[in-house]
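Worksheet: one structure, shown below.
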Amino acid sequence: MAHELIFMTGATGVLGQDLVKELLETTKADIAILARAKGRKSHSDRVAKILKEMGLDRHLGARIRVIEGDVTHHKFGIKKEDLEFLERECEVFYHIAALTALNGTEKECQLINVGGTEHALELAWDLRKKGKLGRFVYFSTAFVAGSIWNHCSKEDALPKNPGFANYYESSKYKAETKVREAMTKGMPTTIIRPSIVVGHSVTGVVSDFNVIYPFFKLFAHGALSKLPTHLENTFNIVPIDFVIKATCEIVKNPKSLNKTFHLVSPHPPTIGALLKMAKDEYPNVPPIEIIDPKDFQKSKMTAQEQMVFSIMEPYLGYLNGHLTFDMTNTREILRGTGNHLPKTDSAFLKTMIHYAVKAGYLVL
Ligand SMILES: NC(=O)c1ccc[n+]([C@@H]2O[C@H](COP(=O)([O-])OP(=O)(O)OC[C@H]3O[C@@H](n4cnc5c(N)ncnc54)[C@H](OP(=O)(O)O)[C@@H]3O)[C@@H](O)[C@H]2O)c1
């Protein structure tokens with residue numbers, strides 16, 4: 001391969017797919033993708049299908065090489081010949097793979113998010129010592145700061161005792177701690193911390209409806225009628241195109257080494273704005289009663305609502321609105337690059353929900 005080689009985990013996921021597309025379209029880099037087999041589909045068939053859907057299959061075998069592996073294994077269980085290839089060629093390593101389900105169990109989150117990151121670092125040290133790895137890019141989350149407490153999260157640090165809403169958050173905290181330890185020991189690192197990633201800023205398009213979308217579905221389809229929050233509470237969402245473009249801009253800048261970047265909305269929408277938009281645009285959406293969290297009693301709900309509520313509990317932190325994010329590094333590095341901080345106003349909420357309806361995910 002004649003150009004810079006990027007190695008990426010998580011390329012079959014929502015962010016990874018769009019990042020691969022952006023890198024192919026805007027750089028000359030070659031990309032080695034780690035993928036696993038699923039069901040009856042081989043690792044390579046899965047990647048080929050995704051690339052075909054994106055109209056990028058011409059790059060397979062040319063700029064793209066698929067490497068079989070699973071992040072839960074040492075050095076991802078990569079075959080000797082592929083390891084040697086990475087040791088020879090890899091300059092940038094993006095570790096994006098994670099279990100992103102907010103209702104993941106402690107064991108699953110530990111195995112994939114913490115164990116997976118330990119294995120990524122083990123491999124990164126190998127590529128650094130034996131090869132020419134110049135940068136380890138780690139996809140963390142803004143919610144490593146724990147979503148259920150009142151705090152302004154700084155970029156270049158992790159808080160001491162955060163309040164976590166679920167095992168996803170606590171496992172990402174432990175994983176980022178490992179990455180920070182490696183950074184202090186000399187691994188050249190960039191940490192990207194998006195908030196809740198949603199559809200494209202102009203079209204609302206997203207390749208899968210994960211993380212916050214299932215939460216919207218519970219309300220839109222009338223499965224739950226009460227929400228313990230305040231109308232003025234915010235929820236921090238960020239359009240996917242901003243996250244992808246900002247990441248590429250950050251990673252190509254040498255000043256981003258050994259820094260962390262919050263890719264979040266500077267003015268997140270309120271629960272009130274979301275409910276108003278839903279009422280104006282979709283009058284058939286069942287009404288939602290907003291209850292002060294201190295007066296909220298799960299036991300007063302019907303048995304069925306209690307069951308649905310337990311599905312929703314891992315999301316509650318995201319509606320808390322008291323967790324805010326410092327964006328000093330992000331503002332500084334994006335200044336003058338044409339990448340503006342995202343707008344997540346009512347017009348954007350409308351775009352986001354319209355696309356989920358158009359794609360058949362929400363039936364309103
Ligand atoms: N989406 C968000 O709102 C958001 C916000 C903040 C941070 N992040 C972070 O950004 C990253 C990407 O998120 P996403 O939304 O794109 O996630 P996603 O759509 O759920 O994709 C997860 C990716 O991880 C891979 N993966 C999971 N377990 C694996 C394993 N054992 N071995 C190999 N690969 C494995 C998946 O591969 P398969 O296709 O084989 O399952 C998939 O490519 C994650 O680290 C997440 O924590 C996401």
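Taken together, the values in this text are just the output of simple stated rules run on the coordinates, not laboratory data. Keep in mind the model is a prediction, meaning the values are calculated, not measured.
Mind pulling the angle between the C-alpha long axis of helix 167-184 and the longest principal axis of the chain? Nearest 10 degrees, somewhere in 0 to 90.
Helix 167-184 and the main axis of the chain meet at about 40 degrees.
Which angle from 0 to 90°, rounded to the nearest 10, does the C-alpha axis of helix 346-358 make with the longest principal axis of the chain?
That helix lies at roughly 80 degrees to the long axis.
Taking square-rooted eigenvalues a ≥ b ≥ c of the alpha carbon gyration tensor, is the range 159-227 rounded, prolate or oblate, where a/c under 1.5 means rounded and, failing that, a/b exceeding b/c means prolate?
It is oblate, given that a/c is not under 1.5 and a/b is not larger than b/c.
Looking at this model, which pairs from 52/350; 28/245; 154/298; 28/178 are more than 26 angstrom apart at the alpha-carbon?
In this structure, 52/350; 154/298; 28/178 exceed 26 Å between Cα atoms.
Rounded, prolate or oblate: pick one for the range 150-189, where a ≥ b ≥ c are the square roots of the eigenvalues of its C-alpha gyration tensor, a/c under 1.5 means rounded, and failing that, prolate if a/b is larger than b/c, else oblate.
oblate
Expected output is a single nm value to one decimal: the length gained when fully extending between residue 328 and residue 40, i.e. 0.36 nm times separation in residues minus the C-alpha distance. What is it?
Stretched fully, the residue 328-residue 40 segment lengthens by 99.1 nm.
Give me the percent relative contact order of the range 261-344, please, defined on Cα pairs under 8 angstrom at least 6 residues apart.
That works out to 69 percent.
What is the angle, in °, between the Cα long axis of helix 303-312 and the longest principal axis of the Cα atoms in the chain? Nearest 10 is fine, range 0 to 90.
Helix 303-312 sits at roughly 40 degrees to that axis.
Determine how many Å³ per residue the convex hull of the Cα atoms of the range 119-204 encloses.
Each residue corresponds to 129 Å³ of Cα convex hull volume.
How many angstrom lie between the Cα centre of the range 222-236 and the Cα centre of the range 61-86?
Each part's Cα centre sits 43 Å from the other's.
Roughly how compact is the chain, stated as its Cα Rg over 2.2 N^0.38 Å to two decimals?
Relative to the rule-of-thumb radius for its length, the chain sits at 0.99.
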